[in-house]
1. So what's the angle, to the nearest 10 degrees on a 0 to 90 scale, between helix 51-66 and the longest Cα principal axis of the chain?
2. Within the set of other residues whose C-beta is less than 10 Å from the C-beta of Val45, count the net charge using Lys and Arg as +1 and Asp and Glu as -1.
3. Sequence gap at least 6, Cα distance under 8 Å: using those rules, report the relative contact order of the chain to the nearest whole percent.
4. On a 0 to 90° scale, report how tilted helix 114-143 is relative to the longest principal axis of the chain, with both axes built from alpha carbons and the result rounded to the nearest 10.
5. From the square roots a ≥ b ≥ c of the eigenvalues of the alpha-carbon gyration tensor of the range 4-112, which class results: rounded (a/c under 1.5), prolate (a/b over b/c), or oblate?
6. Cut-off 10 angstrom, C-alpha nodes, Gaussian network model of the chain. Which of Gly59, Gly74, Gly12 fluctuates the most?
7. Which of Arg127, Arg37, Arg111 moves the most in a Gaussian network model of the chain with Cα springs under 10 Å?
8. Along the Cα→Cβ direction, 7 angstrom out, place labels at Gln128 and Ala51. What is the inter-label distance in nm?
Amino acid sequence: MDFSLLEFVPDGIVVADPGGTIVYANATAVDLFGWEREELVGQAVEVLLPARHRGAHVGLRRAYHDAPRPRPMGLGTDLAALRKDGSEFPAEISLSPLRSGGTTWAVAAVRDATERRRVEAKALLYRQAKEEVRARDEFLSVASH
């Protein structure tokens, strides 16, 4: 199958066959994970996951291929992905099936969520500080009367 159109997608795109073997990775995925394309193709998709998640992922992957549909991965959990150098990064991953020639491929769109999580953490700290100032001011107002 020709996946060349996926080369222009700004997300990292990894395509796996029903057995979980990577058959394609776009340039963004190559940069994101730090592998050469030729190194990734032919590997089990679990090579992109921290070791602590690999065992469970095999079953999840099989379940996805039994009932494939577009969906985000890991709702309600913090997903982590693994670079070739062994470093982890927080990831946002969406899955979509791609059917062609009697085969259903799993297409994963991957984003590094590091910056988004950093901004969310700062926003939380700001809201907490603002609430503390409001509570202090309220306390001082009541105490001065």
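Read the figures in this text as sums done on the coordinates, not as results from a lab. Only a predicted model underlies this, so the values are computations on that prediction, with no experimental measurement involved. Cβ sites come from the backbone with ideal geometry, for glycine too, and all protein chains shown count toward neighbours.
1. On a 0 to 90 degree scale, this one is about 60.
2. 0
3. Relative contact order here is 22 percent.
4. So the helix axis and the longest Cα principal axis differ by about 10 degrees.
5. Rounded shape, in that the Cα axes give a/c under 1.5.
6. For the chain, modelled as a Gaussian network with Cα springs under 10 Å, the answer is Gly59.
7. Arg127
8. Modelled inter-label distance: 3.2 nm.
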